[in-house]
Structures are given as structure tokens and as C-alpha cells.
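The values are calculated or read from the model by the stated rules, or taken from the named source; none is laboratory data. As the structure is a prediction and not an experimental result, all values here were calculated from the model. FYI the Cβ positions are ideal-geometry reconstructions off the backbone, even for glycines, and counts take in every protein chain you see. Ligands, DNA and RNA are excluded from the accessible area calculation, which covers all protein heavy atoms including side chains. Shrake-Rupley method; radii C 1.70, N 1.55, O 1.52, S 1.80 Å.
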Amino acid sequence: MKLNTNSNAYIIIYSAILVVIVAFLLAFVSKSLEQRQKDNVALDVKKQILYSLNIRGLDGSEAEAKYGEVVKEEKDVNGQKVYSCSINGQDIVVVSLKGMGLWGGISGYLAVDKDNKVFGAYFNHESETAGLGAEIKDSQAWQEKFIGKKIFDENGNVILSVVKKVDNPESQVDCVTGATLTSNGVDAMLKDCLKNVNQTKAEEE
């Protein structure tokens, strides 16, 4: 009996078999790459932490080695990742940051020295506008404006701020030009995520 390749039944069966084969192949490829993807994500996190410590320009193996050298302990403080680090004999705490920008999530890491001043900063985003809000990630010069800024007042309140007009250069950073809402998101993220820093440092001392 000759197979009718123009019949509806043939087309449906052929399509179903093809879909199953493609799905199997995609699942196999995804599974085989799963560990590599996890490793890449973990390496990216390590690089971001190193960026906040003002260590940049390292390839994968160099970043892994440097991370192992400077990061001494990772802990969870009220659901927030905090890293105890040592740079040239100086104890530094790196605090993970998460918040919301204009179009989606923003994140980053802030390194804090023993005097509760910013040692370094790195910010990231999911979908901020290129050339505007995306500058929180793309502009190393803007991130470096945070270095040396005071984080707390004498009562332990977070005073590190991102503002449109800097009145107190000890604790304020001017916002990204043309990206007020994204900058406001960074400011809110700092206020929300830095509450645990004093507690963490007190525990270490």
C-alpha cells in the first residue's frame, strides 16, 4: 500500500514525530550545558564582587584565583549575601544589593571599609535604557564616585545617597544625567540594603 504523503493524517503524524525529536534534542543540549551555565553565572557573580573591590580586567581563571585570595567568608544576613574580604591586609565587607530601576530589576555590590565608608561599588541592571539608566553599569567613572563616601550618620542611619543636586559631598553622589528614575532606584536600593552593614561589622569585631 502506497503511503499518501499528502493526507492530513500523514502530515499530523510527521509533524508530531518531528516535534518530539526536536524537543528531545533541545532537552539533551540544555541538560548537557546546565553545569556550564551555572559555572558561568557563578563566575559572573565573583567578577562583580571583585569589581566592587576595584579589581577589574581579569579573565576567568584569574578572577577565580583572585576571588579565592581576597574573599574569606560568605554569609547570609536576613536573606542578604555579605562577603568578608581582605585587601592588602585591610578588612572589607561587601554587601549584595537588589532593587528596582525604571524598567526592571537592578542589583550590585557595595564594598565597605572599617570606617563605614565606601571602598568600592558595582551596579548592574536587567533592562535600563542604553546611554541613560544603563550607565549605572556601563560607567566605571560613575561607580567610582561612590568611593570614600560616608554611609551612616552618628545614629546609624543610612545617609549614602544618589541625588540630583549634591549638597553634602561627604555622603552624596550626583545622579546619572538623564536617568533620574533609575538613579532614584539606586538610591532606594542603597537605603534598603545597607541596614545590615553595621550589624555585620559589629559581629565581626
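At 222 nm, what value in deg cm²/dmol follows for the chain if DSSP H runs of at least 4 each add -39500 (n - 2.57) and the sum is divided by all its residues, to the nearest 500?
-14000 deg cm²/dmol
Which length gain, in nm to one decimal place, applies between residue 81 and residue 150 when the Cα-Cα distance is subtracted from 0.36 nm times their residue separation?
Gain in length upon complete extension: 22.7 nm.
Can you tell which of 143, 35, 48 shows the greatest fluctuation in a Gaussian network model of the chain with Cα springs below 10 Å?
35
How large is the convex hull of the Cα atoms of region 45-113 per residue, expressed in Å³ as a whole number?
For region 45-113, the hull spanned by Cα atoms encloses 102 Å³ per residue.
Using only the C-alpha atoms of region 21-72, find the volume of their convex hull and express it per residue in Å³.
Taking only Cα atoms, region 21-72 has a hull volume of 82 Å³ per residue.
Would you mind listing how long the chain runs along its three principal axes, going by Cα atoms, in whole Å with the largest first?
91, 39, 32
Got a sec? What order do 103, 142 fall in by accessible area at 1.4 Å, biggest, i.e. largest, first?
103, 142
So how far apart, in nm, are the two label points at residue 100 and residue 140 if each is 7 Å from Cα heading toward Cβ?
In this crude label model, residue 100 to residue 140 measures out at 3.3 nm.
If I fit a long axis through the Cα atoms of helix 8-52 and take the longest principal axis of the Cα atoms of the chain, what angle between them do I get, 0 to 90°, rounded to 10?
Helix 8-52 sits roughly 20 degrees off the main axis of the chain.
According to a simple spin-label model (label point 7 Å from Cα along Cα-to-Cβ), what is the distance in nm between residue 10 and residue 58?
6.2
Could you order 12, 106 by accessible surface area, starting with the largest, using a probe radius of 1.4 Å?
12, 106
Using a Debye calculation, one point per C-alpha and no hydration shell, please list log10 I(q)/I(0) for region 43-159 at q = 0.17 Å⁻¹ in order.
-0.88
Would you kindly find the accessible area of residue 96, with a 1.4 Å probe and non-protein molecules such as ligands, DNA and RNA excluded, rounding to the nearest 10 Å²?
Approximately 20 Å² for this residue.
Normalised by the residues of the chain, what does the relative contact order come to in percent, with Cα pairs under 8 Å and at least six apart?
Relative contact order, the chain: 14 percent.
So how far apart, in nm, are the two label points at residue 116 and residue 21 if each is 7 Å from Cα heading toward Cβ?
Going from the residue 116 label point to the residue 21 one covers 6.7 nm.
What residue among 114, 98, 150 has the largest mean-square fluctuation in a Gaussian network model of the chain, using Cα springs under 10 Å?
Looking only at 114, 98, 150, the largest GNM fluctuation is found for 114.
Ordering 128, 154 from largest to smallest accessible area (1.4 angstrom probe), what's the sequence?
Sorted by accessible area, descending: 154, 128.
If I compute solvent accessible area with a 1.4 Å probe over the protein chains, what percent of it on the chain is carbon and sulfur?
54
I want to verify a result. In a Gaussian network model of the chain, Cα cutoff 10 Å, which of these has the top mean-square fluctuation: 33, 110, 132?
33
Net charge near residue 79: determine it from the other residues with C-beta under 15 Å of the C-beta of residue 79, scoring Lys and Arg +1 and Asp and Glu -1.
Within the 15 Å Cβ shell, the charges total +1.
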